[in-house]
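Here the structure is laid out as structure tokens; the discussion comes afterwards.
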Amino acid sequence: MILENFKRESIVPMPVTFISTISENGVRNIAPYSCFMPVLRPFDLVCVASAKRRDTLVNLKSTGEFVINMPGTDMADKVIPTALHVPPDIDEFELAGLKEKPSKKIKAPGIEGCYAWMECKLDHIIEEVYNGFPYVLILGKVVYLEVEDSVYDKESGSWDVEKARPLMMTGSDEGMRFCTVNSIGKFEPYGAMFKNGKDPLERMYKKEEGQECK
Ligand SMILES: Cc1cc2nc3c(=O)[nH]c(=O)nc-3n(C[C@H](O)[C@H](O)[C@H](O)COP(=O)(O)O)c2cc1C
């Protein structure tokens, strides 16, 4: 089956993130964003692709802050209420019936009930136009990262995807189909990519006994 080139999202599972921001006037905003990725290991950068007409973009440009909230499948019914195109003076926490989780390092609040939160400060924005359509790539620096204890194993430093059931989305001709991921039980150390079997970034990931994250 050969597909039209623009239907890339019909064959790619994408995470559903909720980006929460506040406006200059203090109005709380939430929007789902799936065009999201961490930028390389071991950077603390994330990248989000955004259309230009987004309150999220206005807010993060003016305040320089945003939270990437990671919802589980139990929050699937919050996607449309937060994706509605409503005026910027509407509090979208109230609209969607969501409670805030106060942030530690920035003013923009996170969302209670998600399984992880990335508090971000705006690094820079790359403004682009493609085929006459303006869009931006938002580069954010994670300044505080938190995950629900119940889905994270401190010893191995890995999360339990079957417990967290991250909300994922994939496109189709009819619309968005929501899904989650399963572990297939296969594991490889990063070092397996290298001839000497050693991960050059190992020191960054291995904590000394008793050492906690800053
Ligand atoms: C599952 C899902 C994923 C989305 N991903 C993106 C995205 O990556 N980039 C984008 O610009 N809009 C995306 N949208 C659309 C925005 O969420 C939507 O336009 C929203 O109303 C923007 O809200 P705001 O104006 O309050 O920022 C997505 C919508 C849904 C439902």
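Laboratory data are not the source of any read-out in this text; all were calculated from the coordinates shown. Please read all numbers here as calculations on a predicted model, not as lab measurements.
Please report, to two decimal places, log10 I(q)/I(0) for the chain at q = 0.07 Å⁻¹ as given by the Debye formula with identical point scatterers on the Cα atoms and no solvent. Evaluating at q = 0.07 Å⁻¹ gives log10 I(q)/I(0) of -0.24. For residue 163, the aspartates and glutamates whose Cα comes closer than 15 Å to its Cα, not counting residues fewer than 8 places off in the same chain, are 74, 148, 149, 153. By the gyration tensor of its Cα atoms, with a ≥ b ≥ c the square roots of the eigenvalues, what is the shape of region 1-111: rounded for a/c under 1.5, prolate for a/b over b/c, or oblate? Because a/c hits 1.5 or more and a/b exceeds b/c, region 1-111 counts as prolate. Value of Rg to Rh for region 1-54, rounded to two decimals, is 1.08; Kirkwood radius and Rg both from alpha-carbon coordinates.
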